[in-house]
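FYI, it's all coordinate maths here, none of it is from the lab. Note that this is a predicted model, so its numbers are computed, not measured. Quick reminder, even Gly has a Cβ in these numbers, built from the backbone with ideal geometry, and neighbours come from all protein chains shown.
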Amino acid sequence: MKVLVINCGSSSLKYQLVNLGEYLVMAKGIADRVGLQLYESASLTHRVNERVWKYDVDMPDHYKAMEEVVKVLLHPEMGVIKSLEEIEAVGHRVVHGGERFTGSVLIDEEVERAIEECAALAPLHNPPNLTGIRAAKLYLSNIPHVAVFDTAFHSTIPPHAYIYALPYQLYEKHRIRRYGFHGTSHYYVSRKAMKYLEERFGIPPLDSKIITCHLGNGCSITAVLGGESVDTSMGFTPAEGLVMGTRCGDIDPAIVPFIIERENLSPKEVDDLLNKRSGLLGISGQTNDMRDIEEEIAKGNKRAKLAFDIFCYRVKKYIGAYAAAMGGVHAIVFTGGIGENGPMEREAICEGLEFLGVKINPQKNEETIKGREADISEENAEVRVLVIPTNEELVIAEETRRVVSLMKGSV
């Protein structure tokens, strides 16, 4: 089955065409700066194996971006299919499914309305996700479209972990609770870790205790007990939890009214400050990119070192908390841009966790190869430290196939 995976952001449209029969990514790319022509030219980057094409093109909205994606997939030189009929289904990443969607679903008008209703919980994400669905349906109208929700994997979190200590009526009225995000990533790497633990150490999947650390510009940690998410660091929004590229993570909530009063800021301006001007960027004063942070540390930049230390300390605290919540841990998984490619960060995070049974091998940690799975633990370590590249697009493609197969089976 060939599945087109679509991930729409506010000014972007990412895509992958996956042949699940061969587990092959036939083509992938991104339409960037969609709708921002007043500032910069929109562009499309298209990849087929090692070949890359990039060109500027007018894309005033996501409908035009989707048109360009269709064109490039069918292009005589850049394309990988001869007809759109070769695409059998489309899988869409949707950030927020609220409490209604605890799994992937076939998209119909009712589902579209529900995604729109969830926009109040994810105003920056669900609207462009929905636009991407409608744009794709315009060009691929005769095949199934499936919504795969970031929040779905975390639907197994128990009430004592997802209810905030606010007046309960706020949960009943506004559904204010912990939802969690990066669900497809945590699902994928935890399944990989469960398989490894069973094959190498004989740990049954249902008995496994795994902590998955998705570290990138956005960061979250999840406690996965017996294959189910039982707690996660992101909450009602993606701003809670770890220090991130531009998000503050956990702070004293009383800081918000204090800033509003002292800095004379509107609620929207404070939201912008917490989500777009904080985190690594806010602490360092220079960058939200950990690679730049590392370069500045090498130059002796104390603010960059402080940003690095706070980032790693926060991850370490959550690992300790989730090990306690699960009554132990068998494996700690690093994934995401920083998790997969940051030996310096992995070393700093794991330092001091020896009491849990964590012992990483410095040489294995340094020599991990980009894009490959690795166990960077010492042979005699009680807790395995794994580096597992995430593959959210593959999860979306496989979920799409599963939903479509169920649909066909019920016909």
Exercise for review: Please report, to one decimal in angstroms, the Kirkwood hydrodynamic radius of region 202-392 built from all distinct Cα-Cα pairs.
Suggested key: 17.4
Review point. Over all pairs of distinct alpha carbons, what does the Kirkwood formula give as the hydrodynamic radius of region 2-149, in Å?
Key: 15.6
Check your understanding: Applying the Karplus parametrisation 6.51 cos²θ - 1.76 cosθ + 1.60 with θ = phi - 60° to the phi angles of region 393-408, what ³J(HN,Hα) value in whole Hz is obtained for each residue in order, glycine and proline being reported as x?
Key -> 5, 5, 4, 4, 5, 5, 5, 4, 4, 4, 5, 5, 5, 5, 4, 5
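Using the Cα centre as the reference, give the magnitude of the dipole from point charges on the C-beta atoms of region 2-149 (Lys, Arg: +1; Asp, Glu: -1; all else neutral), rounded to the nearest 20 debye.
Numbers: 15 positive and 20 negative charges, 69 e Å.
It works out to roughly 340 debye.
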Review point. What are the aspartates and glutamates whose alpha-carbon lies under 16 Å from the alpha-carbon of Lys173, with same-chain residues fewer than 8 places away excluded?
Key: Glu99, Glu117
Exercise for review: Send over the per residue convex hull volume for the chain, Cα only, as a whole number of Å³.
Suggested key: 168
Practice item. Would you mind checking Lys192/Lys316; Lys54/Lys276; Lys54/Lys364; Lys64/Lys276 for any pair whose Cα atoms are more than 31 angstrom apart? Key: Lys54/Lys364
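Using a Förster distance of 25 angstrom, determine the FRET efficiency expected from the C-beta separation of Arg303 and Ala325, and round it to 0.05.
Computed FRET efficiency for Arg303 and Ala325 comes out at 0.15.
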Review point. When the chain is treated as a GNM, springs tying every alpha-carbon pair under 10 Å, which of Gln169, Gln286, Gln363 comes out with the largest mean-square fluctuation?
Key: Gln169
Revision key, fill the gap. Whole-Å distance linking the alpha carbon centroid of region 183-223 with that of region 54-114 is 29
Check your understanding: If contacts are Cα pairs under 8 angstrom and at least 6 residues apart, what is the relative contact order of the chain in percent?
Key -> 14
Review point. Do you know the relative contact order of region 2-149, to the nearest whole percent, from alpha carbon pairs under 8 angstrom that are 6+ apart?
Key: 24
Point to revise | For region 202-392: relative contact order, % (alpha-carbon pairs under 8 angstrom, 6 or more apart) | key: 20
Practice item. Scan the chain and report its longest stretch carrying no GluC sites (Glu not before Pro) that are both in a DSSP loop and have at most 11 other Cβ atoms within 10 Å. Key: 78-366
Review point. Hey, in the GNM for the chain with a 10 angstrom Cα cutoff, which one of Leu206, Leu124, Leu166 fluctuates hardest?
Key: Leu166
Exercise for review: Please give the FRET efficiency for Asp292 paired with Lys408, using the beta carbon to beta carbon distance and R0 = 51 Å, rounded to the nearest 0.05.
Suggested key: 0.55
Study note, to complete from the structure: The answer for trypsin sites (Lys or Arg not before Pro) in region 346-382 that fall in a DSSP coil and have at most 14 neighbouring Cβ atoms within 10 Å is Lys370, Arg372
